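Participant: This is the structure, below, for whatever I ask next.
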Amino acid sequence: ARAADVLSFARLHLAGGVGADGSRVLSEETVADMQAFHAEVPDKQVLGDSWGLGWIRFDWNGARLYGHDGNTIGQAAFLRIHEESGVAVTLLTNGGHTRDLYGDLYREIFAELSGVDMQAPVVPPAEPVDVDVTPYLGTYERASVRMEVYVGDESPMLRTTLLGPLAEMEPNPVDEYALTPISDGVFALREPGTQSWMTATFYTLATGEEYVHFGARATPKVATS
């Protein structure tokens, strides 16, 4: 989509479901329900704090925004909407350090246009945190990726391997990240050459299943090291 098309979609939701030509596309009740809280996000450090219906919900220091991101090979997209000020911002990219660019631009734009202070970026603790990584070691897998957590020479490591059609399109389907403990079950990591830290969050459901939440996806544990 073009940036203008994404913003037309955002304007539809800001207008309560009414399109630019005045026709109603969604009911007001549907629009409100899509933006309302429906589920917690296990990892609140990088994206939002909760999910609506389709929308990711963001708490930026008390200001409520909603939006969504999208990624495919060579492309990344970002959309944030602040209903109170009526501001929607989209960023569509096809290269470079996209999350770094997103953070720099959106922090400045929303501060100037909406008076909103974007949430602080993730950073590792100033002092090392002692966390037992043993419970998180092992293999996690879903249809498109395998994740392996192991102990490296200097730190815990996360190895991701793309699977299926995605792997065939990437010249190097394997990435490795050093994991820096933030707290029990939460680790900071980042791609080489980038400034933005991400998080990998490990958690267990009430029914006993173990997961890692990374890159806005929950991946179940399939083997223990």
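Participant: Put a dot 7 Å past each Cα toward the Cβ at Gln75 and Asp184; how far apart are the dots in nm?
Facilitator: Here the answer is 4.3 nm between the modelled labels.
Participant: Moving on to the next point. For Ala4 and Ala36 in one chain, what is 0.36 nm times their gap in residues minus the Cα-Cα distance, to one decimal in nm?
Facilitator: Details: separation 32, 0.36 × 32 = 11.52 nm, distance 2.54 nm.
Here the answer is 9.0 nm.
Participant: Further question: Given 10 Å bins starting at zero, what is the percent of C-alpha pairs of the stretch 91-155 in each, up to the one with the largest pair distance?
Facilitator: Distribution as computed: 14, 25, 30, 25, 6 percent.
Participant: At 1.4 Å probe size, with the rest of the protein present, what percent of the exposed accessible area of the chain is carbon and sulfur atoms?
Facilitator: Values: 6430 of 12330 Å².
Whole-percent figure for carbon plus sulfur exposure: 52.
Participant: Now for a separate question. Rank these residues by their accessible area, most exposed first, probe 1.4 Å: Ile73, Ile182.
Facilitator: On the way: Ile73 60, Ile182 40 Å².
From most accessible down to least: Ile73, Ile182.
Participant: Moving on to the next point. Relative to the present Cα-Cα distance, how much length would full extension add between Ala20 and Leu92 at 0.36 nm per residue of separation? Could the numbers behind the result be given before it?
Facilitator: On the way: separation 72, 0.36 × 72 = 25.92 nm, distance 2.19 nm.
The span from Ala20 to Leu92 would gain 23.7 nm if fully extended.
Participant: Could you pull out every residue, at least 5 positions away or on a different chain, whose amide H is within less than 5 Å of the one on Val222? Hs are placed 1.01 Å off N in the peptide plane, and Pro or chain starts have none.
Facilitator: Thr139, Tyr140, Glu141
Participant: Could you give the size of the charge dipole of the chain about its Cα centre, using +1 on the Cβ of each K and R and -1 on the Cβ of each D and E, expressed in debye and rounded to the nearest 20?
Facilitator: On the way: 15 positive and 32 negative charges, 112 e Å.
So the dipole magnitude of the chain works out to roughly 540 debye.
Participant: Please report the net charge: other residues with Cβ closer than 12 Å to the Cβ of Ser114, K and R +1, D and E -1. Don't jump to the answer; show the numbers that get you there.
Facilitator: Details: positive: Arg64, Arg80, Arg107; negative: Glu83, Glu84, Glu108, Glu112, Asp117.
Charge balance in the 12 Å sphere: -2.
Participant: In addition: What accessible surface, in Å², does a 1.4 Å probe find on Ser144, ignoring ligands, DNA and RNA and rounding to the nearest 10?
Facilitator: Ser144 has an accessible surface of roughly 40 Å² with all protein chains in place.
Participant: From the helices alone, meaning DSSP H stretches of at least four residues, give me the mean residue ellipticity at 222 nm for the chain, per-run term -39500 (n - 2.57), in deg cm²/dmol to the nearest 500. Walk me through the numbers on the way to the answer.
Facilitator: Details: 4 runs with 42 residues, N = 225.
It comes out at -5500 deg cm²/dmol, rounded to the nearest 500.
Participant: Next question, about the same structure. Which listed residue (Gly115, Ala178, Val129) has the Cα farthest towards the positive end of the charge dipole for the stretch 113-187, taking +1 on Lys and Arg C-beta and -1 on Asp and Glu C-beta about the Cα centre?
Facilitator: Of Gly115, Ala178, Val129, it is Gly115.
Participant: May I pose another question? For the stretch 30-122, what D do you get in µm² per second when you plug the Kirkwood radius from alpha-carbon pairs into Stokes-Einstein at 10 °C and 1.306 mPa s?
Facilitator: Details: Rh = 13.7 Å.
The calculation lands on 116 µm²/s.
Participant: Can you check what the Kirkwood hydrodynamic radius comes to for the stretch 125-194, Cα pairs only, in Å to one decimal?
Facilitator: Details: mean 1/r = 0.0755 Å⁻¹.
It works out to 13.2 Å.
Participant: Give me the dipole magnitude in Debye, nearest 20, for the stretch 1-106 about the Cα centre, with unit charges on the beta carbon: positive for Lys and Arg, negative for Asp and Glu.
Facilitator: Working: 8 positive and 14 negative charges, 47 e Å.
Around 220 debye, computed over the stretch 1-106.
Participant: Taking amide H positions as placed 1.01 Å from N in the peptide plane, with prolines and chain starts having none, which residues 5 or more places from Val41, or on another chain, fall under 5 Å of its amide H?
Facilitator: Ser50, Trp51
Participant: If R0 is 45 Å, what FRET efficiency do you get for Glu176 and Glu28 from their C-beta distance, rounded to 0.05? Numbers along the way, then the final one.
Facilitator: Numbers: r = 48 Å, r/R0 = 1.07.
Computed FRET efficiency for Glu176 and Glu28: 0.40.
Participant: Probe radius 1.4 Å, ligands and nucleic acids left out: which of Lys221, Lys44 has the largest accessible area, and how do the rest follow?
Facilitator: Values: Lys221 40, Lys44 100 Å².
The ordering from most to least exposed comes out as Lys44, Lys221.
Participant: HN-Hα J couplings of the stretch 214-225 from phi, Karplus 6.51/-1.76/1.60, θ = phi - 60°, integer Hz, Gly and Pro as x?
Facilitator: Whole-Hz 3J(HN,Hα) from phi for the stretch 214-225: 8, x, 6, 10, 9, 10, x, 7, 10, 7, 9, 6.
Participant: For the stretch 42-54, just list the computed ³J(HN,Hα) in residue order, Karplus coefficients 6.51, -1.76 and 1.60, θ = phi - 60°, integers in Hz, with x standing in for Gly and Pro.
Facilitator: Per-residue couplings from phi come out as x, 10, 9, 7, 10, 9, x, 9, 6, 10, x, 9, x Hz.
Participant: For the stretch 1-140, what is the accessible area per residue in Å², given a 1.4 Å probe and the full set of protein chains? Don't skip to the answer; put the middle values down first.
Facilitator: Details: 7600 Å² over 140 residues.
Heavy-atom accessible area per residue stands at 54 Å².
Participant: Still on this structure, please answer the following. Hey, any idea what the orientation-averaged projected area of the convex hull of the stretch 121-166's Cα atoms comes to, in nm²?
Facilitator: Details: hull surface 19.5 nm².
Seen from a random direction, the Cα hull of the stretch 121-166 projects 4.9 nm² on average.
Participant: In the full protein assembly as shown, how much of His97 is accessible to a 1.4 Å probe, in Å² to the nearest 10?
Facilitator: The accessible area of His97 comes to roughly 100 Å².
Participant: If I stretch the segment between Asp153 and Asp59 completely, what's the gain in nm (0.36 nm per residue apart, minus their alpha carbon distance), one decimal? Spell out each step's value before the answer.
Facilitator: Numbers: separation 94, 0.36 × 94 = 33.84 nm, distance 3.75 nm.
Length difference between fully extended and current span is 30.1 nm.
Participant: Towards the positive end of the charge dipole of the chain, with charges on Cβ (+1 Lys, Arg; -1 Asp, Glu), say which of Leu79, Pro220, Gln45 has the farthest Cα.
Facilitator: Sorting the options by dipole projection puts first Leu79.
Participant: For volume of the Cα convex hull per residue in Å³, the listed values are (i) 155; (ii) 173; (iii) 144; which was obtained by calculation from the structure presented?
Facilitator: Read-out from the structure maps to (i).
Participant: When the Karplus curve 6.51 cos²θ - 1.76 cosθ + 1.60 is applied with θ = phi - 60°, which whole-Hz ³J(HN,Hα) does each residue of the stretch 29-39 get, with x for Gly and Pro?
Facilitator: Taking θ as phi minus 60°, the curve returns 5, 5, 4, 5, 5, 5, 8, 7, 5, 10, 7 Hz for the stretch 29-39.
The values are calculated or read from the model by the stated rules, or taken from the named source; none is laboratory data. Just so it is clear, the model here is predicted, and its values are computed rather than measured. Neighbour counts run over all protein chains shown; Cβ positions are idealised from the backbone, glycine included. The area values use the complete protein model at the heavy-atom level, side chains included, leaving out ligands, DNA and RNA. Shrake-Rupley method; radii C 1.70, N 1.55, O 1.52, S 1.80 Å.
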